[in-house]
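Chemist: Structure in structure tokens, see below.
What follows is calculated from the coordinates using simple rules that are stated; it is not laboratory data. Only a predicted model underlies this, so the values are computations on that prediction, with no experimental measurement involved. Don't worry about glycine lacking a Cβ; one is built from the backbone with ideal geometry, like all the others, and counts go over all protein chains shown.
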Amino acid sequence: MILSGPLIIESGETGDLSGSVGLYDNKEVIQGMNPIAKMVYYLGDVNCHQLSHRSYEYNNNQMPFCARDVGIFVGLAIGFIGSLGRKMELTLPIVILCLLPIGLDGTIQLVTEYESTNPKRVITGLIAGIVTGIALKIIADSLDRN
């Protein structure tokens, strides 16, 4: 639903959704959407800053989540689904190695003048999401055994 968000509403309906995390700051725009889009865009609005220059746009609509979040969500799905039916193991060094790119990219951007690009945000999000998806599958398997 996140990826199809801009396609399930009229072209040009979102405008610039830039806002703050934890705030419902695009209520006027979201209230006019169909129920499915309303749910997806509401979740994006309160959980993501949705800065327009850090978000992809198509169908003349901004995506409900920023590029990094989209990478994380896609990575979670890839990691979890890819590990189904397999015995997966993760070591702490592998987890750290996979989380390092997103940590460095975000932190350097936060404390310096460096501005990451959307492709870098998607890639670092994908890497972090994949390892997290695998970790969630491992945790689910361990809970299932108990």
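Chemist: How do Thr112, Thr117, Thr14 line up, fewest other C-beta atoms within 10 Å first? Please list the in-between numbers first.
Modeler: Values: Thr112 8, Thr117 11, Thr14 26.
Ascending number of Cβ neighbours within 10 Å: Thr112, Thr117, Thr14.
Chemist: Right, next: Taking the Cα centre of the chain as origin, work out the dipole magnitude from +1 charges on Lys and Arg Cβ and -1 charges on Asp and Glu Cβ, in debye rounded to 20. Intermediate results must be reported in sequence, preceding the final value.
Modeler: Details: 10 positive and 14 negative charges, 119 e Å.
That gives the chain a dipole magnitude of about 580 debye.
Chemist: Please report, in whole Å³, the volume per residue of the convex hull around the C-alpha atoms of region 67-145. Each step should come with its number before you reach the end.
Modeler: Details: hull volume 6.6 nm³, N = 79.
For region 67-145, the hull spanned by Cα atoms encloses 84 Å³ per residue.
Chemist: For every helix of n ≥ 4 consecutive DSSP H residues, a contribution of -39,500 (n - 2.57) applies; sum these over the chain, divide by its total residues, and give [θ] at 222 nm rounded to the nearest 500 deg cm²/dmol.
Modeler: Values: 5 runs with 82 residues, N = 146.
Taking each H run of at least 4 residues, the total per residue is -18500 deg cm²/dmol.
Chemist: I would also like to ask the following. Under a Cβ-only charge scheme (Lys and Arg +1, Asp and Glu -1), can you give me the dipole magnitude of region 5-62 about the Cα centre, in debye to the nearest 20? Present the calculation step by step, with values, prior to reporting the outcome.
Modeler: Values: 3 positive and 7 negative charges, 32 e Å.
Dipole of region 5-62, to the nearest 20 debye: 160 debye.
Chemist: Taking the number of other C-beta atoms within 10 Å as the exposure measure, put Lys38, Lys137, Lys27, Lys87 in order starting with the fewest.
Modeler: Listed from fewest to most nearby Cβ atoms, that is Lys87, Lys27, Lys38, Lys137.
Chemist: Sticking with this one: So which DSSP H runs in the chain come out at 20 Å plus along the axis (Cα) with average Kyte-Doolittle of at least 0.0? Mind dumping the intermediate values first?
Modeler: Details: long enough: 67-82 (22 Å, 1.58); 92-111 (26 Å, 2.00); 118-145 (40 Å, 0.71).
Within the chain the helices that satisfy the rule are 67-82, 92-111, 118-145.
Chemist: Would you be so kind as to identify which of Gly12, Asn26, Cys98 lies farthest towards the positive end of the dipole of the chain, taking Lys and Arg as +1 and Asp and Glu as -1 on Cβ and the Cα centre as origin?
Modeler: The residue sitting farthest along the positive end of the dipole is Cys98.
Chemist: Search the structure for amide H atoms under 5 Å from the amide H of Gln62, placed 1.01 Å from N in the peptide plane, and list their residues when 5 or more places away or on another chain.
Modeler: Answer set, sorted by chain and number: Thr14, Gly15.
Chemist: Quick one: dipole size for region 67-145, taken about the Cα centre, charges +1 on Lys/Arg Cβ and -1 on Asp/Glu Cβ, in debye to the nearest 20.
Modeler: About 260 debye.
Chemist: Now for a separate question. Taking a point 7 angstrom from the Cα of Ile139 along the C-beta vector, which residues in region 85-116 have backbone N less than 19 Å away?
Modeler: Once the point is set 7 Å along Cα→Cβ of Ile139, 85-100, 102-103 turn out to lie under 19 Å by backbone N, inside region 85-116.
Chemist: Please arrange Val40, Val29 by how many other C-beta atoms lie within 10 Å of their C-beta, fewest to most. Present the calculation step by step, with values, prior to reporting the outcome.
Modeler: Working: Val40 23, Val29 18.
Arranged by neighbour count, lowest to highest, Val40, Val29 become Val29, Val40.
Chemist: Among Ile134, Phe65, Asn47, which residue has its Cα positioned farthest towards the positive end of the charge dipole of the chain, with +1 placed on the Cβ of Lys and Arg, -1 on the Cβ of Asp and Glu, and the dipole taken about the Cα centre?
Modeler: Checking the options against the dipole of the chain, the answer is Ile134.
Chemist: Select one label from (i) 57; (ii) 61; (iii) 48: the one whose number is percent of Cα pairs over 19 Å apart as derived from the coordinates shown.
Modeler: Looking at percent of Cα pairs over 19 Å apart for this model, the match is (i).
Chemist: Follow-up question, since we're still on this one. Which one, Leu51, Leu110, Leu43, has the greatest fluctuation when you compute a Gaussian network model over the chain with C-alpha springs under 10 angstrom?
Modeler: Answer for the Gaussian network model of the chain: Leu110.
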